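Chemist: Pasting in a structure now, in structure tokens, and then I'll have a few things to ask.
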Amino acid sequence: MTTEWNEVLEKLLELQGLDLKIARLNQTLTRAPAEVKSRAATVAGIDAQAEQFTQRVKLLKAQIMLRESERKTHLAKIEKLKEQASEVRSNKEFVAFRSEISNCQSDLDRLDGEVLKIMEVVEQAEAKVAEFDEQRGHEQAAAAKAQAEIDEKLADVRAKRDGLLKDRPTILAGIPKEQFLLYEKVHVARGRGMASLEGSYCSSCGEGQTRNDVYAVQNRTRLVACTSCSRILYQL
């Protein structure tokens with residue numbers, strides 16, 4: 001076992017341990033806002049449902065206005081028919097006017113009934129909109145609380161990560177450039193620059209290693225990179 005390579009390997013293992021901690025903290029920073037995004041999506045969903053009911057209320061009120069307009073027309077017609085009926089001289093004409101007035105009144109009653117039914121539906125729809133508004137308020141409050149908690153958590157995570165990043169140069173000082181570049185290249189590409197040797201196989205990719213390479217890893221006589229994934233192999 002060469003003392004020099006043994007020391008380099010220990011430094012590389014220390015570096016990998018540090019980098020894995022940093023990676024886990026970075027993952028936390030990436031995943032943490034998911035709850036806030038989920039609540040924002042919930043709020044958006046509530047808004048979409050509320051908008052559907054709001055549009056329905058508008059359409060229903062428009063139908064009420066149409067019926068009110070039609071109702072005014074019938075009322076005016078009834079008044080006119082009554083005036084005309086008061087001037088007729090024969091019973092036959094009077095009966096005809098009364099029949100037409102009755103028909104107009106039936107139309108009025110029908111319109112009044114339709115308006116009442118539509119107004120009931122409007123009230124139900126408006127109550128649903130109010131319910132959605134209340135739900136939205138609860139979700140927004142929960143989202144604000146979650147955001148505050150996440151901001152506090154992320155600040156702590158960033159502080160820990162930044163502290164670890166400051167420790168990295170100290171470790172790098174004990175690693176030759178050639179070995180570091182090999183480690184860094186694989187670490188960036190695969191998320192882990194080193195892998196343990198299990199028997200004669202790389203624990204990360206499962207590739208078998210030559211007898212000479214296994215011996216070198218076991219005795220720490222030289223740097224050995226996996227022939228498949230290029231991770232630096234070690235055995236504790």
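The values are calculated or read from the model by the stated rules, or taken from the named source; none is laboratory data. Because the structure is a prediction, the values reported are computed rather than measured. So basically every Cβ, Gly included, is an ideal-geometry build from the backbone, and we count neighbours across all protein chains shown.
Chemist: Look at residue 54 and say whether it is in contact with a helix residue (DSSP H, G or I) (Cβ under 9 Å, 6 or more places away or on another chain), in a helix (DSSP H, G or I) and among the hydroxyl-bearing types (Ser, Thr, Tyr).
Modeler: So residue 54 fits the description; yes.
Chemist: From the list 211, 222, which residue is modelled with pLDDT under 90 and surrounded by fewer than 14 Cβ atoms within 10 Å (Cβ to Cβ)?
Modeler: 222
Chemist: Name the one entry in 20, 13, 66 that is touching a strand residue (DSSP E or B) at 6+ places or on another chain (Cβ under 7 Å) and modelled with pLDDT of 90 or more.
Modeler: Sole residue among the options that is touching a strand residue (DSSP E or B) at 6+ places or on another chain (Cβ under 7 Å) and modelled with pLDDT of 90 or more: 13.
Chemist: So, in segment 183-203, how many residues would count as being crowded, with 19+ Cβ neighbours inside 10 Å and under 40 Å from the mean Cα position of the chain (by Cα)?
Modeler: The number of residues fulfilling the criteria is 7.
Chemist: One residue is enough: does segment 133-153 have a residue meeting the conditions part of a helix (DSSP H, G or I), touching an Asp or Glu at 6+ places or on another chain (Cβ under 6 Å) and buried (at least 16 other Cβ atoms within 10 Å of the Cβ)?
Modeler: Yes: segment 133-153 contains one or more residues that are part of a helix (DSSP H, G or I), touching an Asp or Glu at 6+ places or on another chain (Cβ under 6 Å) and buried (at least 16 other Cβ atoms within 10 Å of the Cβ).
Chemist: Pairs please, first residue from segment 132-143 and closer than 10 Å to residue 43 by Cβ and assigned by TED's automatic domain parsing to the domain that holds residue 46, second anywhere and surrounded by 12 or more Cβ atoms within 10 Å (Cβ to Cβ) and among the acidic types (Asp, Glu), Cβ atoms under 7 Å, 6+ apart in sequence or on different chains.
Modeler: 136/47
Chemist: Is there any pair linking a residue in segment 86-109 that is assigned by TED's automatic domain parsing to the domain that holds residue 71 and surrounded by 13 or more Cβ atoms within 10 Å (Cβ to Cβ) to one that is of a type in the set (Phe, Trp, Tyr) and at pLDDT below 85, with Cβ under 7 Å and at least six apart or on different chains, and which?
Modeler: Matching pairs, first to second residue: 88/94; 88/97.
Condition check ((1) out of contact with any Asp or Glu (no Cβ under 6 Å at 6 or more places or on another chain); (2) more than 30 Å from residue 40 (Cβ to Cβ); (3) of a type in the set (Asp, Glu)) across all residues:
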site	(1), (2), (3)
58	yes, no, no
74	no, yes, no
104	yes, yes, no
115	yes, yes, no
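Chemist: How many residues are more than 30 Å from residue 123 (Cβ to Cβ) and touching a Cys at 6+ places or on another chain (Cβ under 8 Å) when one looks only at segment 60-105?
Modeler: 2
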